[in-house]
Each structure stands twice: as C-alpha cells, then as structure tokens.
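Okay, structure first, notes after.
Values in this text are rule-based calculations from the coordinates and carry no lab data. All of these numbers come straight from a predicted model, not from anything done at the bench. Neighbour counts are summed over all protein chains in view; Cβ atoms, including those assigned to glycine, are modelled from backbone coordinates with ideal geometry.
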Amino acid sequence: MAPIGPYSPVVEAGPWVVVSGQLGTRDGVLVPGGARGQLTQALANLAGLLAEHGASLGHVVKTTVYLADIADYGAMNEAYVAAFGDHRPARSAVAVAGLPMGAAVEVEAWAYRPA
C-alpha cells in the first residue's frame, strides 16, 4: 500500500521496525464497520508491513491508536484484543480532531526483532 503523504510506511533501525500510522483501508478505500472494522483492517495492514520486514504483531512493543471519536474506545479495545490476543504491547490511545481520509481510527507501532 502506497503512503498517502511524503513519508515512509516502514523504517528499519537495527532490530527495530517502526510502522507509520495505518488506516483501515483496503485497495485505497476505507472499509466499513466504523472504528472496529477500520482498526481490524488497519492492524491487518500493519501485520502485513511487519511481515515484509521479518516481524509480526508478537514483536510489537508499543502502539499509538488515534481515534476520531473517543466514544469508539470500547470498540477499539475489542478489535485490538482480537488482533493481539494475550500479547499486550504498551499503548497510548488518544482522541484527535480528525484523521486522513475521514478515518475513524489510525494505528502506528514499534516492533523489536531480537537477534
């Protein structure tokens, strides 16, 4: 997936893989399902980028989730747990005034690949 701005979707720094904010898009279009559906897709996009760099969601140590509406916090938690299972990276979740493409949610992550 090509970025929608002048940035790198993924940067490797030694054993670290840093993934820029991912929206819940498929084929360049936001998926249906509001924050839950979009976060599910955003995390799938994130997992795909990590896999391209030899990492997985299990390597993620920190995420930041941006919500267009803090009322979606519960739905975000449900999608997050479904994706990460028992793995619990450190996380910040913040409400923002708006997101690109009118998205309901965006997620970025730092992953550590041990040697």
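What does the charge add up to near Q22, with Lys and Arg as +1, Asp and Glu as -1, over the other residues with Cβ less than 11 Å from its Cβ?
Surrounding charge for Q22 is -2.
Taking only Cα atoms, what is the 0 to 90° angle, nearest 10, from helix 34-52's long axis to the longest principal axis of the chain?
Computed tilt is about 20 degrees.
Quick one, which of (1) 13.5, 44; (2) 13.2, 40; (3) 17.0, 58 is the actual Rg and Dmax of the Cα atoms in Å calculated for this model?
Recomputing Rg and Dmax of the Cα atoms in Å here gives the entry labelled (2).
Would you mind checking the tilt of helix 73-84 against the longest principal axis of the Cα atoms of the chain, expressed as 0 to 90 degrees and rounded to 10?
30
Per residue of segment 18-23, in order, report the coupling 6.51 cos²θ - 1.76 cosθ + 1.60 (Karplus, θ = phi - 60°) as ³J(HN,Hα) in whole Hz, putting x for Gly and Pro.
Each residue's phi maps through the Karplus curve to give 10, 10, 4, x, 10, 9 Hz.
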